[in-house]
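These notes concern the structure reproduced below.
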Amino acid sequence: MEPDILLIVLDSLRKDIMELYGGPAKTPNLIKLKEDAVAYENAISPSSWTFPSHVSLFTGLYLNEHKVHETIDHKLLDLTEFNLKLKAERLSENLQRKGYNTIGISNNPMVSTQTAFDQGFDALFMIDPFPISKEDPIFQEARRLGASPKQIALKLLKQGKINKILEFYKWRKREKLVSDVINFPLDKGAEMTNKLLKTANWESKFFRFINFLEVHEPYRNYNSKEVWDNVTGIKPLSQNSMENIRKEYIAEMEYLDQQIGKLVSTLKNAGKYDSTMIIITSDHGQAINEHGYMLHSTYLYDELVRVPLIIKYPNNKKFDKKNGYQNLVYIPKLIEEISQGGDDSAVYSDSTFSEAYGAVIVLPGGYKDKEEYVKQRYEKVRKAVFKDGYKMTVNGTDCTIEEFLQGNKGIKVEDNKEKAKELLEELEIFKGKEDFKIPKI
């Protein structure tokens, strides 16, 4: 029997922050859900940022197959067109064809009708999490001028635009007032999402997709100038800023756990909890300067690609634990197998991969002279392979091995040359005809 399906993406959530996986963020509602679910230990995201990961999640294809990803020549504005032209059937289209009522609610503008993610949805609602729309002309102008109010004011002062400074001050004051009312940035749309779902029709066979943005930056007391100074190599992030970001990241996860608890209660009140397949995962993680890098995309560190995967199967069915890795690209196949009465074998693989194709960094005003630095540091194509407890990340632009890990410990190629060769061979097969340089050892 085909189950009802609830697919939840906790945008930017790394696995190791959650209590469920031994981390510091208290998640009592997810721990309660785990009593009826399976928490997978080796889930990998196919990319380290939102757009290509979501395409992989919905198509079951890696980035080098669906091609909806950044390159040195193609950035954000091109990806919507690539997504629109993609011929592969999406999970939402497949389920819609089977008679499912397909409804999505996204708190991330990157996953919306504007970016062609509405294909196969009866309706895809966008709840803008930001107190002032990013389409607002004043917001656009502010971003061109700088990353902080001080930068903006100084630039306007140099230009002799005193009246403009007052206009920006009023705009910032209004933004602060609106933020306080909607509890931004702690809440980035989750409360409104839950209110919508509480009044939803749960009667017909349904597929519900939700993107929660809470653990994505910005955070409370977030110093964007410090972050951009760090990203552009001007000055490392201060210890205080790192500690604050980590503290707020944990607080966001704890808040999100409360919202997940509300959503589960809505399902139970509708009498749909037992029959529903609930999938909770993330599209990528978040680096908090562990490798001198803040935020996400570009790299394939574990903090960026090891994600949670919690699945409550219909009628709370459990399956025996198996060896191997899980990946978001396996989710469409898993849903198909479960719908046909199968087990969770489809979510496992002996080896799996993650990819990044360069920079998706849009520099704010005041940093335009850093474009060459960003290009030299971040415009690299990377692929990572995971197998037998090992991980290897290769920079195909520079033809170098960037990571060789056994578990979470870095080792030298000389320490296990045979395994290193095996992983490089896996990457050679995986890349296919792509112009990706793999080093010889």
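At-a-glance table
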quantity	calculated
Long pairs among K34/K318; K150/K188; K333/K387, criterion Cα-Cα beyond 18 Å	K150/K188; K333/K387
Net +/- balance of residues flanking I127 in space, Cβ distance below 13 Å, scoring K and R +1, D and E -1	-3
Relative contact order of the chain, pairs being alpha-carbon contacts under 8 Å that are 6 or more residues apart, as %	25
Highest to lowest packing among 80-89, 272-281, scored as the average C-beta count within 10 Å	272-281, 80-89
Size of electric dipole in the chain: Cβ of Lys, Arg +1 and of Asp, Glu -1, about Cα centre, debye, nearest 20	1200
Length added when fully stretched, T400-K158, from 0.36 nm per residue minus Cα-Cα	82.6 nm
Neighbour net charge for T102 - beta-carbon separation under 11 angstrom, K R +1, D E -1	+2
Projected area, mean over directions - the chain, Cα convex hull, nm²	21.3
Point-to-point label distance, K317-R97, nm (Cα→Cβ direction, 7 Å offset)	2.3
Equivalent ellipsoid semi-axes, segment 380-441, via Cα gyration tensor eigenvalues times 5, rooted, Å	18, 11, 10
Dipole axis of the chain (+1 Lys, Arg; -1 Asp, Glu on Cβ), positive-most option in V305, T27, Q114	Q114
Listed residues G407, L10, L76: farthest to the positive end of the dipole of the chain (Cβ charges)	L76
Test item: Cα-centred dipole of segment 380-441, Lys/Arg +1 and Asp/Glu -1 on Cβ, debye	120
Across K26/K409; K247/K268; K87/K268; K155/K235; K15/K322; K272/K391, pairs whose alpha-carbon gap is larger than 28 Å	K247/K268; K87/K268; K272/K391
Dipole magnitude of segment 222-270, debye to nearest 20 (Cβ charges: Lys/Arg +1, Asp/Glu -1, about Cα centre)	120
Extreme residue, positive dipole direction of the chain, given options I162, M392, T281 (C-beta unit charges)	I162
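Coordinate-derived values only; no laboratory data. Worth saying up front: this structure is predicted, and the values here are computed from it rather than measured. Here the Cβ is made from the backbone with ideal geometry for all residues, glycine too, and neighbour counts use every protein chain on show.
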